[in-house]
1. Using a basic spin-label model with each label point 7 Å from the Cα along Cα→Cβ, how many nm lie between residue A:464 and residue B:498?
2. Order the peptides A:555-561, B:365-371, B:538-544 from the highest to the lowest mean number of other Cβ atoms within 10 Å of their residues.
3. What is the range A:167-316 by shape, rounded, prolate or oblate, if you read a ≥ b ≥ c off the alpha carbon gyration tensor as root eigenvalues and call it rounded for a/c under 1.5, prolate for a/b larger than b/c, and oblate otherwise?
4. Order of A:277, B:89 from fewest to most other C-beta atoms within 10 Å?
5. For peptide A:395-408, what's the mean number of Cβ atoms from other chains within 10 Å of each residue's Cβ?
6. Averaged across the residues of B:73-85, what count of C-beta atoms belonging to other chains lies within 10 Å of each residue's C-beta?
7. Can you give the extra length, in nm with one decimal, that the chain gains between residue B:56 and residue B:372 once fully stretched, where that is 0.36 nm per residue apart less the Cα-Cα distance?
8. I'd like the mean, over residues of B:455-468, of how many other protein chain beta carbons sit within 10 Å of each residue's own Cβ.
């Protein structure tokens, strides 16, 4: 097969890296997150400066001490010097401590702020986005990319600025001592620059492709953990391991490729800086021999140049960090720049739950998935009266699930409109709308949290009585028999519960909200006949004054509804009472006839 | 300083897990003993990671030694040039020394170039290879661990171990190991040089050494706790992130965003403080190291100055000493930064070694037996099973299912139906008694034969990232397109698949989000039929199907199950009707056993259920 798995569309697009300018500009956009810390940042930079000065002040004093009191044999003056050095040394250490402490705390805070913002943004992105993006890719952005940005701001950047400052100061001193020799040093900057530019061109895309692949590996790991039962049931562990190995091998190759690019440039940096010292030494020696320069000047010159070695050597590392941070910023902003497709229109209205009568009207609603030209819904017209319960029936793939995702705007129709009490739902505030229209899906999504938290998902302020009531309606009393009752943590996706139990919890969760419009997608499919009957009886009371749209698969559930609508080929083919439709519509009979369930021995 | 004593403030919303160790591997307990053990395990793990690369690592060390020499050579050459070459030129017009120095410089530059280039390239290869091996090892281990382990450990934590923990180790192997080695070499070289120049002065200047060791020990002790805690907080963060993003539809539909944000913010803040803590301790270490460096300067200056005044040593020696002190401490100061990475990686290694050492509850047999063309006879002998100590699910089940029989399990929730299915597919092993296929204990059966012969379809309907064809093909990797299509036709999935824009090559999107639950179920059915097992278990496998699909599946089942052993769990009796035999369970015991028609006539529990079901159809 196809063990070559498809990449999500966005990812394959982004495999070609964006132009370099945008990389820097994305990193620059992070300033927004630095802004709240501007005073602390200013203070931090002052500390850095002081720290550099305190560090630089000590060596000359040591020199003075050797040339002065020690040479003169003045023990008291030596004591004086030593005392000053000790004080300076202590303050240097303390400054260093404070600086590092602040730097680290701030960088962590900024990272956490960005993570929070990214999370918030992801929450409001439409489900279409989430369907296409593997969770591992999102996770990589939220953890490792933000980590890279943080490390750059906490380490690389401070380092870079310090070494640039040092380089400028030293170059100035070199010029002052002997400008001709300084020109040699300056000339060595040309190949350094060229190598640096080449490095940027190669490293940036390499880092990007490595980070992308790292997300693929996380996705593979996550998927095979989630699908562990399916994998074990088929004994496909070795196959999955082989696939994972392929992804991991790709990651290894990309990582090595990135490092090879680094190895080509960094080695040049070291060699050129060393060669420059050699050149200065040779020319300087000739100049000294010819009497155009003093030995002392040459010594000073070369010593200073030696001090330059370290910032130059380190710049490769700093550049790599910078590159990775830019790539990370790109990847993070890729998500930030995705506009939520479903959001409040300008001038969206707030509504009050108590004012809602609950009339739901579909007007010529069409829907097609983004990457699919064919329309799943081809003009649905349906009017649900306030308090009425309408069942939606239809074949697999007829668009039932799509249809019920529309009233709470989990998807927006591509054409036509949906009205709630006469107002287009897109003109209502999203948060408002979803508190009025509640949807329970065919597959119960439970979270590994307490039962209580899962039940109160849509209404955090629900009290014990509300929960109890909902549990009763959904016949989910089994929750009280769990080891810690409502406080029991149910496992991931509630997988330690049976399908019927999960479905009852999901139903209870929807009922707790007490919405004006309740949308249930095949809510009783996993229940046994006896329980189903009990749930239906309890649910009838709830549905009495609630407008409801219920997707049904079997005739027993149809009993809940006042009327049934048959969805056929993207349209509502007919609406009516179950018994009427059984007589008038052959398609309906085909979909809901109990005949097929009769015993065939 | 024991961070772990702190009560978990998230307990309220996370709820209480059935076991306190739900979040951890059994190696990660908090007592002193386990922490020590974990540490030594993680060292062993590191050793085992490095062992295959012994030669390459030795080679890398060699490169570093050479590189160290080239770095030392530069100042020496400068000194030699000024002291010898200049006088030779100005006095004798002799350029030969200068030329020799120029050539040496050229050689040094080239050697340095080669060293750096070789080192980066080689070390990247070694570290990438080590990580690659570790990733695969961890992945395979997770695949081997039992379903019950996964259920309590959660997929988020599995992901965390394979993403952020691996990342922490990668950070370490990629950055700074050379600095560590170079600094070590540097410390040794300079100590020797100082001892040779003036042993007494050297002894005094090394007085600060114990202080450094003390500081280092303090840091590694407190920071180990901090970094360990940080790995756990980041794992919690990842767990929450993965879950709430996986269930984003529910989050949006229930306007859960705000509460989610709140909880995530709580975890985010915890993680921030936990991460910052280690780094802040590192700031103390960094400041302390600088302070000790300055202290050393002060001591040497004072003592050395006094010695010079006493005439015991030369000014030049003192100057050299002070310069060496600086070169001694500078790299160490740089190294302190690397310590962060190192501690993070150590904690990550501990977490990973905890996973690798976790006992596999449902282990593969050491001497696996295989069966050729099994009949498909299943046998339970006095099988006892419980998930929790105080709650026995199966007290002692005796059951024989002859090869080729289709048996349906009926009973209330908690009667033990799914448990029987899970025991047959060996998701769990019985606590007592045996489950046999054709007389072979499942625990002795080779993994391959077990999975080739017994396949379970659950209500979970998990689809993998990929196309529909790829998902079906999982049943029999390498199956031809025709076979895949055939399987889809048999279960009645062909029609809807063909109607999709790209047919069988339609990408199902994350977790099959493109398809409805019923469609996913059909794909999973096709996958199982392609697998063609002797024993097929259907655990509520038809619940999401609508009536026309179910009709098709049922028709297909009749032919498919004809020559297979099958266990069917279904609350919808329409599926049960095709069974040769029905077993009614209550609290893990069989209360009725017989042909469905006989049971209906018999007028027991099943007859009641059947009547209720018939009523529901009207």
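Just so you know, all these numbers are worked out from the coordinates, no wet-lab data involved. Because the structure is a prediction, the values reported are computed rather than measured. All Cβ positions, even for glycine, are placed from backbone atoms using ideal geometry, and neighbour counts span all protein chains on display.
1. 6.0
2. B:538-544, A:555-561, B:365-371
3. The shape class here is prolate.
4. Going from sparsest to densest Cβ surroundings: B:89, A:277.
5. Counting Cβ atoms of other protein chains within 10 Å of each residue's Cβ and averaging gives 4.
6. Mean partner shielding for this stretch: 5.
7. 109.1 nm
8. Mean shielding count: 6.
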